[in-house]
Amino acid sequence: MRAVLILPLMIVLAACRTGGSGSVNLHYIDYNTPPPDGNEVTVCHGYSCKLQTPYKFSQEEIAELSAIMKKVKRDDSAAEERRAVAYAIGAMETKVGNKIGITDNPGMQWAAAGRPSQQDCVDEATNTTSYLLVLQTNGLLKHHTVARTMHKDQLAKGILTLRPIKYWPHFAAILQENATGQKWAVDSWIGPNGENPAVVRVEDWYIKDN
């Protein structure tokens, strides 16, 4: 009887995790957003891709991003590539934000839904995935491959503990390390627009897996 009672409780308290595997295009289908076409991306803003604005990175901008990554990397390792990617994503956010008027504040601004200048975690994760795909298309990723955007939540636990916001659904772009298969969340949501994203093992990102 104890086992019968404990198992459903464990299921309820477990973190819900989707994405990170399968076609990277599945996330774009979910949010009715075009995936990148070469160096052209569709930038999501206004919350959950409500607003979509095209932006094309020029060859000059790609060269600048390549230079940033080469300058940042201290050696030819996966860890240093992740560090360089964080700087590149910050630079891409700055370029895009300056062009189309995104000044996004860090974290979730509940009253800002629909504002063209603001982004939620769906916008951030979608855009970061697109920016990573641009880096990949231009041969700037050697040790990683862009994977499907990931989502985590633990809403049931939040409801039981009366802290639903703490366990609210959250999204991040994903890089998979080629040599080990380890997946890394690239999360731009926690900082203001243009700040380097956090790059964290998916097991430790947001709600740590059981």
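Residue-wise HN-Hα couplings along segment 124-137, as the Karplus relation 6.51 cos²θ - 1.76 cosθ + 1.60 with θ = phi - 60° gives them from phi, are 4, 5, 5, 5, 4, 4, 5, 5, 4, 5, 5, 4, 5, 4 Hz; Gly and Pro carry x.
With N as its number of residues, segment 23-82 has a Cα radius of gyration that, divided by 2.2 N^0.38 Å, comes to 1.44. Measuring nothing but alpha carbons in segment 15-201 and taking Rh as the Kirkwood radius, the Rg to Rh ratio lands at 0.96.
Values quoted throughout were computed directly from the atomic coordinates according to the rules given, and no laboratory measurement underlies them. Predicted model only: the values in this text are computed from it and were never measured.
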